[in-house]
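Have a look at the structure below before the remarks.
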Amino acid sequence: MTLTRPFHQNPRAYLIAEEPDEPVLFLSPETLHATARDFVEGFPGLVTYAVKANPAEAVLGNLLAAGVTAFDVASPAEIALVRSLAPRAALHYNNPVRSRAEIEMAVNQGVVSYSVDDRGELLKLARAVPRGREVAVRFKLPIAGAAYDFGEKFGTSPKVAADLLAEVVRLGYRTALTFHPGTQCTDPQAWAAYIDRARDIAWAAGVTLERLNVGGGFPARRMRGEAPPVDAIFEAIARATREAFGAHPPELVCEPGRAMVAEAVSLALRIKAMKGQGQVYLNDGIYGALAEQPIMGMTDRLRVLSPDGTERRGAATPRLLWGPTCDSLDRIPGEVPLPADMVEGDYLLIDGMGAYSTATVTRFNGYGGLTLATVRDLAET
């Protein structure tokens, strides 16, 4: 990724001045700081940023400046990245499957918390992780409400979780439970149900739970009409914890990724060509910053700007959007309403693109190069 030096007020000003032909991601540090403060001040516990959502150094540096002191890491590369920027940051290694070499590296880098959902993986940790560190047992429930569920890959049943939690105590580790309600979860009661079950697991294990990690899954704004209920989720978590654990609740931890960074970045793509009945060819696609769109569905937070910054306001017309690669899979599913007066050379500006845009980029066919530009304002109007 290329980081540009000139500073512009907003994406429109940048596009007018620079006339880029490559995809550009616009980062607003002010927006990122505001979102980070909402979490740090609003969540009733420790906030750890899930690095996988966007590992750009500019993003991590701004989160550190905004007061984020702990990070959810899922690989040695993420551990090394955070350590290079924040040697004293608390690292929580919550990918529950690790090789022995990965565990050794994490121990050497001072990781303070590990998640686990299998006895064999717990015993693997026990061979290397010093006693007194935290081991969080990850469990899952059949709860709907998310865009897609992590339970098929990670987490164990409440019964097995209780057995593992008891063994965590026997092995001499700090006790914790963790869960993940699924990405883009909009139902506060999903967290409440998990917290209620966490109490049952701790009781069944005969364990006083020291910490409870309520996962990520916090929703970002994907569509114009949405208002993600993050404050309501914080309130539901606090209330459910009080009701479940009474006067001696565990300390709470969360690991937002998408909701922390999505709103701080917009993406500008150039229209390379238009063909036939509404076929639009862009300079990036599903092998690049639009990798999530076939999974999550296309956002309607779209604007089309001419090279001189004029917003196209023609009647909404269904379009087929194709990426730039020599590959017929590289398209956005369905039809996307875009202005009838758009033309080749215009820019498609997509808001809310800070999460899972840079992190999953490939360089298939030589495409995927993204410029990161800093701007002050990402306002849609």
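The values are calculated or read from the model by the stated rules, or taken from the named source; none is laboratory data. Nothing here was measured: the structure is a model prediction, and the numbers come from that model. Using ideal geometry, Cβ is built from the backbone for each residue, glycine included, and neighbour counts are taken over all protein chains shown.
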By residue number, the members of the range 130-148 that are crowded, with 20+ Cβ neighbours inside 10 Å and out of contact with any helix residue (DSSP H, G or I) (no Cβ under 6 Å at 6 or more places or on another chain) are E134, A136, R138, K140
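Within the range 161-186, take every residue that is among the β-branched types (V, I, T) and not in a helix (DSSP H, G or I) and give me the one that is farthest from the chain's Cα centre (by Cα).
From the range 161-186, those among the β-branched types (V, I, T) are 168-169, 175, 178, 183, 186; that's our starting set.
If we keep only those that are not in a helix (DSSP H, G or I) as well, we get 175, 178, 183, 186.
On the way: T175: 26, T178: 17, T183: 8, T186: 15 Å.
Checking each candidate, the answer is T175.
State all residues of the range 353-381 that are in contact with a helix residue (DSSP H, G or I) (Cβ under 8 Å, 6 or more places away or on another chain) and assigned to a loop (DSSP other than H, G, I, E, B); if no residue qualifies, say none.
Of all residues in the range 353-381, those in contact with a helix residue (DSSP H, G or I) (Cβ under 8 Å, 6 or more places away or on another chain) come to 353-356, 359, 372-378.
Passing the criteria: M353, G354, A355, Y356, A359, R376, D377, L378.
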Spot the failing condition for L27; the list is (1) free of Cβ contacts under 8 Å to residues at least 60 places away in the same chain; (2) among the aliphatic types (A, V, I, L, M); (3) surrounded by 21 or more Cβ atoms within 10 Å (Cβ to Cβ); (4) farther than 16 Å from R83 by Cα, and only one is missed.
-> (1)
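When you check L302 against the structure, is it more than 25 Å from T186 (Cβ to Cβ) and of a type in the set (A, V, I, L, M, F, W, C), yes or no? Reasoning before the result, please.
Working: more than 25 Å from T186 (Cβ to Cβ): no; of a type in the set (A, V, I, L, M, F, W, C): yes.
Taking the combined requirement at face value, the residue does not satisfy it.
Among the residues that make up the range 206-229, is at least one of them part of a helix (DSSP H, G or I) and touching an Asp or Glu at 6+ places or on another chain (Cβ under 8 Å)?
Restricting attention to the range 206-229, the residues satisfying the condition of being part of a helix (DSSP H, G or I) are none.
No, the range 206-229 contains no residue that is part of a helix (DSSP H, G or I) and touching an Asp or Glu at 6+ places or on another chain (Cβ under 8 Å).
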Checking P20 against (1) without any contact (Cβ under 8 Å) to a residue 60 or more places away in the chain; (2) surrounded by fewer than 20 Cβ atoms within 10 Å (Cβ to Cβ), which test does it fail?
-> (1)
What strands (runs of 3 or more DSSP E) completely inside the range 244-352 contain at least 2 residues that are in contact with a helix residue (DSSP H, G or I) (Cβ under 7 Å, 6 or more places away or on another chain)?
-> 265-275, 347-350
Starting from the range 181-195, take each residue that is closer than 25 Å to M353 by Cβ and touching a residue at least 12 places away in the same chain (Cβ under 8 Å) and list its partners that are basic (K, R) and assigned to a loop (DSSP other than H, G, I, E, B), counting only C-beta distances under 8 angstrom and pairs at least six apart or across chains.
-> Q184/R222
Residue that is surrounded by the most Cβ atoms within 10 Å (Cβ to Cβ) [pool: residues in the range 218-261 that are touching a Lys or Arg at 6+ places or on another chain (Cβ under 8 Å) and closer than 21 Å to A70 by Cβ] = F218
Of the listed residues (R199, R242, R270, R258), the one being in contact (Cβ under 8 Å) with a residue 60 or more places away in the chain and either farther than 20 Å from N54 by Cβ or β-branched (V, I, T) (or both) is R270
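For every residue, the table says whether it meets (1) among the hydrophobic types (A, V, I, L, M, F, W, C); (2) surrounded by fewer than 21 Cβ atoms within 10 Å (Cβ to Cβ).
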residue	(1), (2)
Y281	no, yes
I286	yes, no
P294	no, yes
D300	no, yes
P307	no, yes
T317	no, yes
G323	no, no
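Does V261 satisfy being among the β-branched types (V, I, T), in contact with a Gly (Cβ under 6 Å, 6 or more places away or on another chain) and at pLDDT 95 or above? Write out each step before concluding.
Numbers: among the β-branched types (V, I, T): yes; in contact with a Gly (Cβ under 6 Å, 6 or more places away or on another chain): yes; at pLDDT 95 or above: yes.
Considered against the rule, which asks whether it is among the β-branched types (V, I, T), in contact with a Gly (Cβ under 6 Å, 6 or more places away or on another chain) and at pLDDT 95 or above, V261 comes out as yes.
Tell me the residue from A65, A50, A89 that is surrounded by fewer than 18 Cβ atoms within 10 Å (Cβ to Cβ) and modelled with pLDDT of 95 or more, please. Working first, answer last.
Working: A50 fails: surrounded by fewer than 18 Cβ atoms within 10 Å (Cβ to Cβ); A89 fails: surrounded by fewer than 18 Cβ atoms within 10 Å (Cβ to Cβ).
The match here is A65.
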Pairs only if they're at least six apart or on different chains, beta carbon under 7 angstrom, first in the range 40-68 and among the acidic types (D, E), second in a helix (DSSP H, G or I); list them, first residue then second.
-> E57/L85
Qualifying residue in the range 190-199 (condition: assigned to a loop (DSSP other than H, G, I, E, B) and surrounded by 22 or more Cβ atoms within 10 Å (Cβ to Cβ)) | no
